Amino acid sequence: MSLSRYGEAGPLPKGTALTVVFELEGQRFMALNGVPHFKFTEATSLFVSCDTQTELDGFWEKLSAGGEKGQCGWLKDKFGLSWQIVPSDLGEMIQDKDAMRSNRVMAALMHMKKLDIAGLKRAYNGVAS
């Protein structure tokens, strides 16, 4: 992790964090403190792919704490950053060549906030819930 700070000429007070470089699961990220000029929007989100409902539930609860829970697996954390917390096989289900399967998954997903892996799989397989 590295940190740079605003100096005398910065738009924010000297010593305020300017950039933070950090790593998550081997991927490097850089965050810029551009407040109040730059705000988080849903145009940028971080994507968390989960293999189990327990894993999905954990990310959902921890990341939404102090933020807000949205529809279809989206949430905003306490800083206003958008996240998508989804099952790892969601893309395959939504992009299935069988349009009926894909449409059933999308229909089920549209009625969920936190995604229910078993419910999505039931929809994919055409099993009534």
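Any read-out appearing in this document is the output of simple, stated calculations on the displayed coordinates, not a laboratory observation. Just so it is clear, the model here is predicted, and its values are computed rather than measured. Every residue, glycine as well, gets a Cβ built from its backbone with ideal geometry; the counts of neighbours run over all protein chains shown.
So how many Å³ per residue does the convex hull of the Cα atoms of the chain work out to? List each step's numbers first, then the result.
Working: hull volume 16.4 nm³, N = 129.
Value for the chain: 127 Å³ per residue.
Sorted ascending by nearby beta carbons within 10 Å, beginning with the fewest, Met93, Met106 become Met106, Met93. Computing FRET efficiency as 1/(1 + (r/R0)^6) for His111 and Thr19, where r is the C-beta to C-beta distance and R0 is 25 Å, gives about 0.05. Under a Gaussian network description of the chain, with springs only between Cα atoms under 10 Å, the residue in Gly119, Gly26, Gly80 that fluctuates furthest is Gly26. Which lysines, if any, have their Cα less than 27 Å from the Cα of Lys97, not counting same-chain residues under 8 positions apart? Result set, ordered by chain and number: Lys113, Lys114, Lys121. Sorting Arg104, Arg5, Arg28 by the number of Cβ atoms found within 10 Å of their own Cβ, with the fewest placed first, yields Arg28, Arg5, Arg104.
Which value at 222 nm does the chain reach when only helices count, each DSSP H run of 4 or more adding -39,500 (n - 2.57), with the total divided by all residues and rounded to the nearest 500 deg cm²/dmol?
The helix-only estimate for the chain comes to -8000 deg cm²/dmol at 222 nm.
Phi-derived couplings, Karplus 6.51 cos²θ - 1.76 cosθ + 1.60 at θ = phi - 60°, listed residue by residue for segment 111-119: 9, 10, 8, 5, 6, 10, 4, 4, x Hz, with x used for Gly and Pro.
Just want the ordering: Ser64, Ser45, from fewest to most Cβ atoms lying within 10 Å of their own Cβ.
Starting with the residue having the fewest Cβ neighbours, the order is Ser45, Ser64.
Among beta bridges identified by DSSP and lying wholly in segment 39-129, the antiparallel ones come to about 45 percent.
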